[in-house]
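The next block holds one structure in the form of structure tokens; read it before the comments.
The values are calculated or read from the model by the stated rules, or taken from the named source; none is laboratory data. Because the structure is a prediction, the values reported are computed rather than measured. Virtual Cβ from ideal backbone geometry, glycine too; neighbours counted across all protein chains shown. SASA here: full protein model, heavy atoms, side chains in, ligands and nucleic acids out. Shrake-Rupley method; radii C 1.70, N 1.55, O 1.52, S 1.80 Å.
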Amino acid sequence: MNGKEPNKGSLSKKVLSWHKLNGRHNLPWQKNINPYKVWISEIMLQQTQVSTVLPYFKLFIKKYPNIKSLANAKLEDILELWTGLGYYRRAENIYKTAQILKENYQFKFPKNYEDIINLPGIGKSTAGAILSIAYKKKYPILDGNVKRVIKRLFAIQGSANNDSNLWTLSESILPNKNNDIFSQAMMDVGSLVCTINNPTCSMCPLIKDCKSYKLKLTKIIPEKKKSNLIKKKKIYLLLIQDYKKDNFILMKKNNKEGLWANLWNLPSFSLKKELNNFVLKNKIKGKVKVFKNFSHNLTHYKLDISVFHIKLSNKLIIKNYNWKNIYDKIAISKPILITFEKLIKEIENANGNVR
DNA sequence: AACGCGTGGAT
DNA sequence: TATCCAAGCGT
């Protein structure tokens, strides 16, 4: 006799047939699909919206079409490709994983849960996505989309609202086949229908199963997170231009930990006094210009950034600092990228005025 | 277990 | 403008 678990079976069936007509089928990581592409896309998509990832993913796959090409890359090359994408530790973890795939897996992506979740940067949800999407195996995911769908579907509130419980529920609704499509479909439901604000419940394949809809709770589920305090922070940057070549700038590589780890940075200070000391101590002399302040928002900080631009009048060498060409592609943070763009405009304007 | 880690889109 | 938060992970 069939139909022991009618709700569960019909639930996945509804999601799957909805996906056929309404899901996203043309994302670049869905074309000529393989574990490598699923892995890279899943890492890029961590806490990052699809539209943001698209250009980065295309460039990444063009430069590194397979594991072997990636395993031969330097960390700095991968970070350079990651410039502007954020959460740069992900690039470092991709590099580390590529080395592991080279050393231990003959450049083949592993196929079982234990091996996959032990790779750097791959947690439970990313492992579940790779196992289901790339290998069609029956593993749950719990990304932001699926989390929201499940919370609404089962009307999760209060003490029930914890990851352990949500993982159990995510696992409980898995079908026994088509797990690749099911993972995609659940994310599409969350992303396209079961949105945070104004979900289009009338278009939802799960409308008849949804407890929140039934109880008119879709506005208060999922529960809001308590907002965290955003502190203000001041940053002073020194943009030191070589005394001969306008496009050469003094830079230093960031530490291996902390904000913008391993990226190239300008001499950076939290106090104006520290900047002054640096200038005096290294006998930095030249024409000074102050750029207009700009702000840059991080999750916990609102940065107020001042840039002091100095065109050197003499040759300068400082230990641990390197001269970098602003026209070369190097791994830098967004604020440095913004600063360089401003400088490039200035240089081009100056050249224009000469003519 | 709370927090650090980036950036951009939506409202 | 301010706020929330997205295909989360590591510690």
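What does the charge count near A:L79 come to, summing +1 for each Lys or Arg and -1 for each Asp or Glu among other residues with Cβ under 13 Å from its Cβ?
+4
Extent of the stretch A:140-229 along its three principal axes (Cα atoms, max minus min coordinate, largest first): 42, 30, 24 Å. Distance between the modelled labels on A:K136 and A:Q47, one decimal in nanometres: 3.5 nm (7 Å Cα→Cβ projection). Placing a label point 7 Å from the Cα of A:N293 along the Cα-to-Cβ direction, the residues of the stretch A:215-246 whose backbone N falls under 19 Å of that point are A:230-239. Taking Cβ atoms as reference points and 14 Å as the exclusive limit, the residues near A:R148 contribute a net charge of +3, counting Lys and Arg as +1 and Asp and Glu as -1. The equivalent ellipsoid of the stretch A:231-354 has semi-axes of 22, 17, 15 Å, largest first, where each one is the square root of 5 times an eigenvalue of the Cα gyration tensor. Taking Cα atoms, how many degrees apart are the long axis of helix A:144-153 and the longest axis of chain A, rounded to 10 and kept between 0 and 90? Its long axis makes an angle of about 30 degrees.
Going by accessible surface with a 1.4 Å probe and the largest first, A:R89, A:R148 read A:R89, A:R148. In chain A, the longest principal axis of the Cα atoms and the axis of helix A:35-44 are about 60 degrees apart.
Cross-link pairs exceeding 29 Å in C-alpha to C-alpha distance, out of A:K108/A:K151; A:K234/A:K329; A:K244/A:K345; A:K151/A:K234; A:K74/A:K319; A:K58/A:K231, comprise A:K108/A:K151; A:K151/A:K234; A:K58/A:K231. When the solvent-accessible area of chain A is split by element, carbon and sulfur atoms take up 52 percent of it, the probe being 1.4 Å. Computed with a 1.4 Å probe on the full set of protein chains, the accessible area for A:T52 sits at about 60 Å². Summarising the strand pairing of chain A, around 60 percent of its internal DSSP beta bridges are antiparallel.
The mean accessible area for residues of the stretch A:243-355, using a 1.4 Å probe and ignoring ligands and nucleic acids, is 64 Å² per residue. Note that the stretch A:140-298 carries a Kirkwood radius of 20.6 Å, evaluated over its alpha carbons pair by pair. Can you list the residues of the stretch A:305-336 with backbone N under 13 Å from a point 7 Å past the Cα of A:N351, pointing along Cα to Cβ? The answer is A:326-328.
Beyond 21 Å, what share of the Cα-Cα pairs of the stretch A:7-214 remains, rounded to the nearest whole percent? Here the long-distance tail beyond 21 Å is 54 percent of all Cα pairs in the stretch A:7-214.
Normalised by the number of residues in the stretch A:90-151, what is the relative contact order in percent for Cα pairs under 8 Å and 6+ residues apart? Answer for the stretch A:90-151 is 23 percent. Rounded to the nearest 20, the size of the Cβ-charge dipole of chain A about its Cα centre is 800 debye, with Lys and Arg at +1 and Asp and Glu at -1. In this structure A:Y301 has an accessible area near 70 Å², from a 1.4 Å probe over the protein heavy atoms.
Cα centroid distance between the stretch A:156-212 and the stretch A:307-337, in Å? Rounded to whole Å, the Cα centres lie 48 Å apart. The calculated FRET efficiency for A:N255 paired with A:L59, based on their beta-carbon distance and R0 = 41 Å, is about 0.95. Over all other residues within a Cβ to Cβ distance under 14 Å of A:I130, the charged ones net out to +2, with Lys and Arg as +1 and Asp and Glu as -1.
Using the Cβ-Cβ distance between A:K311 and A:S227 with R0 = 51 Å, the FRET efficiency computed as 1/(1 + (r/R0)^6) comes to roughly 0.70. Short-range pairs are left out: with C-alpha atoms under 8 Å and at least six residues apart, the relative contact order of chain A is 16 percent. Spherically averaged projected area of the convex hull of Cα atoms, chain A: 23.2 nm². Modelled label positions at A:I235 and A:L27, each set 7 Å beyond Cα in the direction of Cβ, lie 2.9 nm from each other. For the stretch A:231-354, a crude dipole built from +1 on the beta carbon of Lys and Arg and -1 on the beta carbon of Asp and Glu, taken about the Cα centre, is about 440 debye to the nearest 20. With axes computed from alpha carbons, what is the tilt in degrees of helix A:163-172 against the longest principal axis of chain A, rounded to the nearest 10 within 0 to 90? The angle comes out at about 50 degrees.
In this structure the stretch A:7-214 gives 49 Å² per residue of accessible area when probed at 1.4 Å with all protein chains present.
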